[in-house]
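Q: Take this structure, written in structure tokens, and hold onto it; I'll ask about it next.
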Amino acid sequence: VDTPHGISLQNGTVPGEQGKQDKSVKRGNWGNQIEFVLTSVGYAVGLGNVWRFPYLCYRNGGGAFMFPYFIMLVFCGIPLFFMELSFGQFASQGCLGVWRVSPIFKGVGYGMMVVSTFIGIYYNVVICIAFYYFFVSMTRVLPWTYCSNAWNTPDCVGVLDGNLSSRAALNLTRLLNTTQRRTSPSEEYWRYWGWVQGRRRVVVVWWGASNASCPLPRRYVLNLSDDIGNLGEVRLPLLGCLGVSWVVVFLCLIKGVKSSGKVVYFTATFPYVVLTILFVRGITLEGALTGIMYYLTPQWDKILDAKVWGDAASQIFYSLGCAWGGLITMASYNKFHNNCYRDSIIISITNCGTSVYAGFVIFSILGFMANHLGVDISKVADHGPGLAFVAYPEALTLLPISPLWSILFFFMLILLGLGTQFCLLETLVTAIVDEVGNEWIIRRKTFVTLGVAVVGFLLGVPLTTQAGIYWLLLMDNYAASFSLVVISCIMCVAIMYIYGYRNYFKDIEMMLGFPPPLFFQICWRFISPAIIFFILVFTVIQYRPISYNDYVYPTWAISIGFLMALSSVICIPIYAIYKVCRSEGDTLLERLKNATKASKDWGPALAEHRSGRYAPAFSPSTESHLEVQPLQPEKDRSEPAAASPVQGSNGSAHSQDSRL
């Protein structure tokens with residue numbers, strides 16, 4: 001309950017008596033609960049909702065895919081989301097500090113940090129590319145509209161070029177099936193390889209060059225090299241946009257959650273405005289209904305396909321951001337008695353609803369484009385960067401005032417990316433600050449944020465080279481794939497079976513005022529771990545070596561990918577061995593038992609919330625980790641702690657420090 005003076009009191013506190021503050025002056029809290037919900041929505045709703053889910057939906061049976069998708073949401077997505085939120089909120093610690101619950105598993109927290117580092121590096125590169133397209137869209141004619149540019153090849157066929165003015169003059173379906181494959185202006189604008197084997201003859205004929213090793217003309221954005229090991233030059237426009245991306249992220253997080261909590265009022269809500277504008281424009285176009293029906297028409301025979309269920313489970317798991325550490329971090333800034341059970345349901349459903357809504361936006365435009373070209377939608381549908389930077393931009397060129405729609409679309413991608421990037425950076429910063437934990441680093445948290453941002457920028461520079469897209473896709477496919485599943489599975493086992501589900505249910509009841517519903521208790525103990533294990537098995541069975549269009553990654557690059565994946569998982573056994581060796585005990589069993597036992601300082605961060613089995617018996621080992629909250633922090637801290645007795649509403653007198 002918030003008093004008129006802004007002091008937050010626990011339920012049942014009588015005005016005029018000594019109250020219990022529900023705010024942490026030391027770490028800080030969200031300004032209000034809306035900030036937390038919007039931040040979590042911005043974190044969960046990312047680029048994958050726009051460029052991955054619609055493609056998965058139409059590929060896996062259209063509307064039939066919705067059934068396994070929502071089944072996985074109910075039995076895996078929401079329970080895991082609630083678990084991570086309650087975990088971080090109860091301890092008011094980041095992804096490292098929460099593992100006081102069972103110190104041997106602190107390596108899980110380090111694994112989350114490694115995963116967030118990898119994702120944060122390449123995710124901001126995607127944002128910087130969106131920034132680049134956003135800036136170049138500020139023109140009268142989009143640069144990827146026609147094939148008359150210096151970087152275009154003879155294979156380029158634009159949907160608005162003169163040779164397509166009459167559809168009868170060119171059967172595009174036949175052209176797509178010929179050996180000389182059509183390439184669109186947007187595709188040639190997006191990627192370029194300075195030299196491609198097997199096409200030398202075409203280049204020589206086109207340029208009339210006598211030198212057989214004459215390279216293809218440079219296309220614009222990526223200037224793609226021929227191999228992942230051939231980094232080539234740094235693409236300066238992308239490097240500049242990468243700097244802009246990191247500066248924006250840093251400025252929004254300069255004061256931690258106090259500043260980012262204000263920014264999300266715009267970054268988390270405006271993408272829905274843009275989606276709605278694009279949706280209204282899309283459904284008014286010819287062929288839009290065909291695209292939407294292609295997206296939604298159920299193919300019920302695919303319900304029995306295990307791959308459909310595996311894709312649904314994987315999409316739910318990765319889309320919600322489980323095991324990244326971001327959910328734990330964001331919830332750690334909540335007030336202790338916040339209803340995170342309610343928040344987890346709202347945020348999870350919003351995330352999935354956004355994915356479905358984005359599918360209407362994407363396929364209405366793609367249906368219009370397919371109708372204009374006279375081809376099947378499968379010829380123009382794509383996912384990932386191919387959708388965001390090739391297929392959809394090409395479709396936008398068909399619209400009147402195309403630069404306006406392009407600016408809106410890429411601005412939406414920027415905001416979706418920034419919402420996730422804020423939480424990734426805050427996860428790392430919070431983990432570092434909480435781990436050090438002294439006043440010196442807390443006062444200098446801004447400099448920690450700056451340091452992490454600078455390191456992230458420097459590590460992202462190789463991804464702006466001519467081979468950068470190869471490395472970006474390698475990190476996306478390996479650094480944040482099965483390792484997340486392993487981390488999440490170990491986290492469930494550690495909390496439910498090592499710390500004990502009874503203890504955890506009591507913690508939640510102490511925090512929320514009610515135990516977790518029976519459905520969530522069953523999911524946490526049995527169903528969700530089983531689904532996570534199914535995702536892991538599915539990921540292994542469905543594994544295929546990564547490729548990018550016609551380029552097949554060499555063995556050494558795939559080996560690096562596996563090393564990136566193992567770098568987060570290996571933290572778990574390494575720290576477990578270290579912790580066992582440092583624990584007290586004469587035998588290995590005693591050391592193992594002490595390493596898995598909850599630390600004395602595990603529990604609520606504020607002393608006034610530590611009741612029952614968490615009632616503090618102050619000692620030097622625990623006192624340093626607990627924040628004794630002053631009732632009137634605005635007063636001089638030098639004032640003696642033992643004040644004169646205060647008369648309570650029941651007529652009894654007590655001193656202000658009696659709660660200690």
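The values are calculated or read from the model by the stated rules, or taken from the named source; none is laboratory data. The model shown is predicted, which means the values in this text are computed figures rather than measured ones. No Cβ is skipped: glycine too gets one built from the backbone with ideal geometry, and neighbour counts run over all protein chains shown. The protein model used for the area step is the full one, side chains on, heavy atoms only, and it has no ligands, DNA or RNA in it. Shrake-Rupley method; radii C 1.70, N 1.55, O 1.52, S 1.80 Å.
Q: Among the numbered conditions (1) within 17 Å of Ser137 (Cα to Cα); (2) open to solvent by 10 Å² or more (accessible area, probe 1.4 Å), tell me where Leu396 comes up short.
A: Checking Leu396 against (1) within 17 Å of Ser137 (Cα to Cα); (2) open to solvent by 10 Å² or more (accessible area, probe 1.4 Å), the one that fails is (2).
Rundown of residues vs (1) modelled with pLDDT of 95 or more; (2) open to solvent by 10 Å² or more (accessible area, probe 1.4 Å); (3) within 22 Å of the chain's Cα centre (by Cα); (4) of a type in the set (Gly, Ala, Ser), yes/no style:
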{"residue": "Thr420", "(1), (2), (3), (4)": "yes, no, yes, no"}
{"residue": "Val452", "(1), (2), (3), (4)": "yes, yes, yes, no"}
{"residue": "Val486", "(1), (2), (3), (4)": "no, yes, yes, no"}
{"residue": "Ile490", "(1), (2), (3), (4)": "yes, yes, yes, no"}
{"residue": "Tyr501", "(1), (2), (3), (4)": "yes, yes, no, no"}
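Q: Follow-up question, since we're still on this one. Tell me, which helices (runs of 4 or more DSSP H) lie completely within segment 250-329 with 3 or more residues that are more than 30 Å from Cys340 (Cβ to Cβ) and at pLDDT below 95?
A: The helices (runs of 4 or more DSSP H) meeting that bar are 270-283, 288-296, 306-319.
Q: Quick check on my filter: what residues within segment 454-484 are closer than 19 Å to Ser116 by Cβ, open to solvent by less than 50 Å² (accessible area, probe 1.4 Å) and either without any contact (Cβ under 8 Å) to a residue 12 or more places away in the chain or polar (S, T, N, Q) (or both)?
A: Answer for segment 454-484, where residues must be closer than 19 Å to Ser116 by Cβ, open to solvent by less than 50 Å² (accessible area, probe 1.4 Å) and either without any contact (Cβ under 8 Å) to a residue 12 or more places away in the chain or polar (S, T, N, Q) (or both): Ser481, Ser483.
Q: Any residue at all in segment 84-98 that is at pLDDT 95 or above, of a type outside the set (Ser, Thr, Tyr), open to solvent by 20 Å² or more (accessible area, probe 1.4 Å) and not in a loop (DSSP other than H, G, I, E, B)?
A: No, that holds for no residue.
Q: Taking segment 233-248 on its own, how many of its residues are assigned to a helix (DSSP H, G or I) and farther than 30 Å from Phe360 by Cβ?
A: Our first condition is that a residue be assigned to a helix (DSSP H, G or I); within segment 233-248, this holds for 236-248.
With the extra rule that they be farther than 30 Å from Phe360 by Cβ, the set shrinks to 236-240, 242-244, 246-247.
Matching residues across segment 233-248 total 10.
Q: For the subset of segment 567-587 comprising residues that are of a type outside the set (D, E, K, R) and assigned to a loop (DSSP other than H, G, I, E, B), which member is surrounded by the fewest Cβ atoms within 10 Å (Cβ to Cβ)? I'd like the intermediate steps shown before the answer.
A: Of the residues in segment 567-587, the ones of a type outside the set (D, E, K, R) are 567-578, 580-581, 583, 585, 587.
The next check asks that each one be assigned to a loop (DSSP other than H, G, I, E, B); those that pass are 570, 583, 585, 587.
Values: Ile570: 16, Ser583: 18, Gly585: 13, Thr587: 8.
So the residue we want is Thr587.
Q: Test each condition in (1) of a type outside the set (A, V, I, L, M, F, W, C); (2) surrounded by 22 or more Cβ atoms within 10 Å (Cβ to Cβ); (3) within 19 Å of Trp144 (Cα to Cα) for Gly359 and report the one that comes out false.
A: (3)
Q: What's the number of the condition Asp657 fails, among (1) of a type outside the set (Val, Ile, Thr); (2) modelled with pLDDT of 50 or more; (3) assigned to a loop (DSSP other than H, G, I, E, B)?
A: (2)
Q: Look at segment 256-313 and say how many of its residues are of a type in the set (S, T, N, Q) and in contact (Cβ under 8 Å) with a residue 60 or more places away in the chain. I'd like the intermediate steps shown before the answer.
A: Just the residues of segment 256-313 that are of a type in the set (S, T, N, Q), to begin with: 259-260, 267, 269, 276, 284, 290, 297, 299.
Pick out the ones that are also in contact (Cβ under 8 Å) with a residue 60 or more places away in the chain and you get 260, 267, 269, 290, 297, 299.
Of the residues in segment 256-313, 6 are of a type in the set (S, T, N, Q) and in contact (Cβ under 8 Å) with a residue 60 or more places away in the chain.
Q: Test each condition in (1) modelled with pLDDT of 95 or more; (2) open to solvent by 20 Å² or more (accessible area, probe 1.4 Å) for Gly107 and report the one that comes out false.
A: Gly107 satisfies every listed condition except (2).
Q: Okay, moving on. Only one of Tyr43, Tyr69 is part of a helix (DSSP H, G or I) and either polar (S, T, N, Q) or closer than 18 Å to Ser488 by Cβ (or both); which?
A: Every option except Tyr43 fails the conditions.
Q: Can you find even one residue in segment 332-347 that is assigned to a helix (DSSP H, G or I), without any contact (Cβ under 8 Å) to a residue 12 or more places away in the chain and within 18 Å of Tyr43 (Cβ to Cβ)?
A: Keep residues of segment 332-347 that are assigned to a helix (DSSP H, G or I), which gives 340-347.
Retained after the next criterion (residues that are without any contact (Cβ under 8 Å) to a residue 12 or more places away in the chain): 342.
Next, only the ones that are within 18 Å of Tyr43 (Cβ to Cβ) stay: 342.
Yes - at least one qualifying residue is present in segment 332-347.
Q: Scan segment 283-341 for residues that are under 30 Å from Ala605 (Cβ atoms), among the polar types (S, T, N, Q) and open to solvent by 20 Å² or more (accessible area, probe 1.4 Å) and jot them down.
A: Residue satisfying the conditions is Asn339 alone.
Each row is one residue, and each column tells you yes or no for (1) farther than 30 Å from Thr183 by Cα; (2) over 27 Å from the mean Cα position of the chain (by Cα); (3) surrounded by fewer than 16 Cβ atoms within 10 Å (Cβ to Cβ); (4) not acidic (Asp, Glu).
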site	(1), (2), (3), (4)
Asp226	no, yes, no, no
Gly229	no, yes, yes, yes
Leu236	no, no, yes, yes
Gly240	no, no, yes, yes
Val248	yes, no, no, yes
Ile254	yes, no, yes, yes
Gly261	yes, no, no, yes
Tyr265	yes, no, yes, yes
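Q: Something else now. Among all residue pairs at least 6 apart or on different chains, which show Cβ distances below 7 Å where the first residue, located in segment 405-422, is without any contact (Cβ under 8 Å) to a residue 40 or more places away in the chain and the second is part of a helix (DSSP H, G or I) and open to solvent by less than 10 Å² (accessible area, probe 1.4 Å)?
A: Nothing qualifies.
Q: Do you know which residues across segment 544-566 are closer than 12 Å to Ile487 by Cα and surrounded by fewer than 17 Cβ atoms within 10 Å (Cβ to Cβ)? Write out each step before concluding.
A: First, the residues of segment 544-566 that are closer than 12 Å to Ile487 by Cα: 565-566.
The answer is Leu566, and nothing else.
Q: So Ser638 passes all but one of these: (1) surrounded by 12 or more Cβ atoms within 10 Å (Cβ to Cβ); (2) at pLDDT below 55; (3) not aromatic (Phe, Trp, Tyr). Which condition number does it fail?
A: Of everything listed in (1) surrounded by 12 or more Cβ atoms within 10 Å (Cβ to Cβ); (2) at pLDDT below 55; (3) not aromatic (Phe, Trp, Tyr), Ser638 misses just condition (1).
Q: Another question, then. Suppose we keep only residues that are modelled with pLDDT of 85 or more and of a type in the set (S, T, N, Q) within segment 4-58. Which one would you say is surrounded by the fewest Cβ atoms within 10 Å (Cβ to Cβ)?
A: Looking at the filtered set, the residue picked out is Asn32.
Q: Looking at segment 594-618, which of its residues are exposed (fewer than 15 other Cβ atoms within 10 Å of the Cβ) and of a type in the set (Lys, Arg)?
A: Lys600, Arg613
Q: Right, another one. Does Met511 satisfy the criteria of being touching a residue at least 12 places away in the same chain (Cβ under 8 Å) and either of a type in the set (Val, Ile, Thr) or under 30 Å from Asn549 (Cα atoms) (or both)? Break it down stepwise before answering.
A: Working: touching a residue at least 12 places away in the same chain (Cβ under 8 Å): yes; either of a type in the set (Val, Ile, Thr) or under 30 Å from Asn549 (Cα atoms) (or both): no.
So Met511 fails the test.
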